[in-house]
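Novice: Sharing a structure, written as structure tokens. Questions coming.
Each reported figure results from applying straightforward, stated rules to the coordinates on display, with no laboratory input. Note that the structure is predicted; figures quoted are calculated from it, not measured. Note: ideal-geometry Cβ built from the backbone for every residue, glycine included; neighbour counts use all protein chains shown.
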Amino acid sequence: MSLAKRIIPCLDVKDGRTVKGVNFVDLRDAGDPVELAWNYSNQGADELVFLDITATHERRKTMVELVKAVARQINIPFTIGGGINEIADADALLNAGADKISINSAAVRNPALIDELAKAFGVQFVVVAVDTRHVDGKNIVHLNGGRIPTEKETFDWILEAEDRGAGEILLTSMDHDGTKGGFDNQFLKQVNDAVHIPVIASGGAGKVQDFVDVFEKANVDAALAASVFHYGEILIPDLKEVLKQNHIEIRNLS
Amino acid sequence: MIGIIRYGAGNIFSLTAALDRLGIKYGMVHSEADFEQFDRYIIPGVGHAGAAMNKLQQSGMVDKIKAIQKPTLGICVGMQLLTAHSEEGDANMLNLFPIKTKRFTDSSEYKVPHTGWNQVYSEKENPLFKNIPIGSHFYFVHSYFIEFNPAYTLASTNYSLKFSASIWRDNFFGVQFHPEKSGKFGETLLTNFSNL
């Protein structure tokens, strides 16, 4: 009787192909992004996230092509992130059919970008992705796939992002990412209880129970994972069935 | 054939992609002169309702839209334009439905924007939700909602309160969710509209 919890496969894309690294290094090719997206949509994924890690001058063009190809074939919403630095990047992706854009490092370097994007396109279009890592007992925002620590405490940064016009927070625990040991439920709960915008949990999914735990313990709105889905370790219909058995609200497919 | 009313608010790529997948024919309406060639219309819209209404006024199509006798479907902000007033920008709308568009009260329990898949309940017998089970999930992403009103609410959804997921008056329909992003039931709804 309420809003369904969302399951979101994340596809890292480089030069038009899907990749996923363990702890963001050692990239392995896991297939064609549009085909993967179509498969996930058919399996009952509620939404998709594409993170483009292409680092060439052709980046915007390749991202626009990817977004168009996905929007043509997929009937569920999707977010695209990676290398969005200015209004023009976001505008091109919106016009290509993206439902939301995700910004990370660019927002940390220039927080006013959040305000500008929210004003131009509405808060519902702006996802602020935050990579966090424990440093000396504090949660610190990191950049470049968790390699570069910033001066910002994660909790404060998330509140600032919400205040500036973020419509959703995608919070990735870099300490958990790639470990398959479960989400950082404690910190996710702290963040989720403090904000009034949706929170997507990311980093650490290894088994079905991890998803049950993150919804039960942190009450986040959505949970995101990559490799467990890409390599077939968790099948979305099985995952949804277990969530349902645990009385977690999910989307009816029929 | 569906005429998509273009007034400069929001992108329509996903909508036209969905219509293409479904084999539903459509064209574009840019001015009053374009209306005649279509037998039904979609009013799309995302973003700020007040700004969208300004753009619609600048397009010079307001009088024509208000006089439409053919089936017309407003989607998201395109539906909110059909109401009397929106709290977003404190703006007067087309007033085809004498009801209001209001902002959700946010909390940590009911977050705003209302984002994701929520259940939609048809309130009355109607052709738009044909072959769509009551309680099916549709994809929403919005901070403002149209108040529930038994006379005009075609389908309702609960999110901190009961609001209009869909409205209906004569030939005018509106949906707050995005049928083009709502999986197979969204596609069924678009097909139903094309067959009205």
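Novice: Once you order the gyration tensor axes a ≥ b ≥ c over the Cα atoms, which shape class does the stretch B:1-115 get: rounded for a/c under 1.5, otherwise prolate or oblate by comparing a/b with b/c?
Specialist: On the way: a/c = 2.20, a/b = 1.41, b/c = 1.56.
It comes out oblate by the Cα gyration axes.
Novice: Per residue of chain B, what 222 nm ellipticity follows from adding -39500 (n - 2.57) for every DSSP H run with n ≥ 4, rounded to the nearest 500?
Specialist: Taking each H run of at least 4 residues, the total per residue is -6000 deg cm²/dmol.
Novice: With a 10 Å Cβ neighbour count serving as the proxy for reagent exposure, in which order, fewest first, do A:Cys10, B:Cys76 appear? Could you put the intermediate results ahead of the total?
Specialist: Working: A:Cys10 23, B:Cys76 27.
By the 10 Å Cβ count, ascending: A:Cys10, B:Cys76.
Novice: Hey, what's the Kirkwood Rh for the stretch B:58-132 if you take every pair of different alpha carbons, in angstrom?
Specialist: 14.9 Å
Novice: Enumerate the amide H contacts of B:Trp117 below 5 Å, restricted to partners 5 or more residues apart or on another chain; note that Pro and chain-start residues carry no placed amide H.
Specialist: Counting only residues 5 or more places away or on other chains, the set is A:Ala4, B:Phe140.
Novice: Hey, what did the stretch B:1-116 get for relative contact order, percent, Cα under 8 Å, at least 6 apart? Please list the in-between numbers first.
Specialist: Values: 194 pairs, mean separation 26.0, N = 116.
Relative contact order of the stretch B:1-116: 22 percent.
Novice: What base-10 log of the normalised intensity I(q)/I(0) is obtained for chain A from the Debye formula, alpha carbons as equal point scatterers, at q = 0.13, 0.18 Å⁻¹?
Specialist: Computed log10 I(q)/I(0) values: -0.76, -1.62.
Novice: On to the next question. For A:Val191, A:Val228, what's the fewest-to-most ordering of other Cβ within 10 Å of each Cβ?
Specialist: The order, fewest Cβ neighbours first, is A:Val228, A:Val191.
Novice: Out of A:Asp213, A:Asp238, A:Asp221, any idea which swings most in a Gaussian network model of chain A, alpha carbons joined below 10 Å?
Specialist: For chain A, modelled as a Gaussian network with Cα springs under 10 Å, the answer is A:Asp238.
Novice: So, one more: Near the amide H of B:Ala165, under 5 Å away, which other amide H atoms are found, from residues 5 or more places off or on another chain, if H is placed in the peptide plane?
Specialist: For B:Ala165, whose amide H was placed from the backbone, the distant partners under 5 Å are B:Ala155, B:Ser156, B:Thr157.
Novice: Amide H neighbours of A:Ala225 under 5 Å, at least 5 residues apart or on other chains, H built in the peptide plane: list them.
Specialist: The list, which skips near neighbours in sequence, is A:Ile8, A:Cys10.
Novice: How large is ³J(HN,Hα), in whole Hz, for each residue of the stretch B:165-179 in order, when computed from phi with the Karplus curve 6.51 cos²θ - 1.76 cosθ + 1.60 and θ = phi - 60°, using x for Gly and Pro?
Specialist: For the stretch B:165-179, the Karplus curve yields 7, 8, 10, 8, 8, 6, 8, 9, 10, x, 10, 7, 6, 9, x Hz.
Novice: Let me ask you something else. Along the stretch A:92-105, what does the Karplus equation 6.51 cos²θ - 1.76 cosθ + 1.60 (θ = phi - 60°) give for ³J(HN,Hα), rounded to whole Hz, x for Gly and Pro?
Specialist: In residue order, the calculated couplings are 4, 6, 4, 5, 8, x, 6, 7, 8, 10, 10, 10, 10, 4 Hz.
Novice: Sticking with this structure for a sec: If you average the sequence gap of Cα pairs under 8 Å that are 6 or more apart and divide by the length of chain A, what percent do you get for the contact order?
Specialist: Computed value for chain A: 18 percent relative contact order.
Novice: If you don't mind, there's one more thing I want to ask. Provide the net charge surrounding B:Pro71, with neighbours chosen by a C-beta distance below 10 Å and charges set as Lys +1, Arg +1, Asp -1, Glu -1. Please list the in-between numbers first.
Specialist: Values: positive: B:Arg40, B:Lys70; negative: B:Asp39, B:Asp170.
Once positives and negatives cancel, what remains is 0.
Novice: I've got another one for you. Which residue fluctuates most in the GNM of chain B (Cα springs below 10 Å): B:Glu125, B:Glu180, B:Glu32?
Specialist: Result: B:Glu125 has the largest fluctuation of those listed.
Novice: Right, something else. Would you kindly derive the ³J(HN,Hα) couplings of the stretch B:94-100 from the backbone phi angles with the Karplus curve 6.51 cos²θ - 1.76 cosθ + 1.60 (θ = phi - 60°), listing them in order in whole Hz, with x for Gly and Pro?
Specialist: 6, 6, 7, 10, x, 9, 10
Novice: While we're looking at this one, here's another question. Quote the relative contact order of the stretch A:160-247 in percent (integer), defining contacts as alpha-carbon pairs under 8 Å separated by 6+ residues.
Specialist: Rounded, it is 27 percent for the stretch A:160-247.
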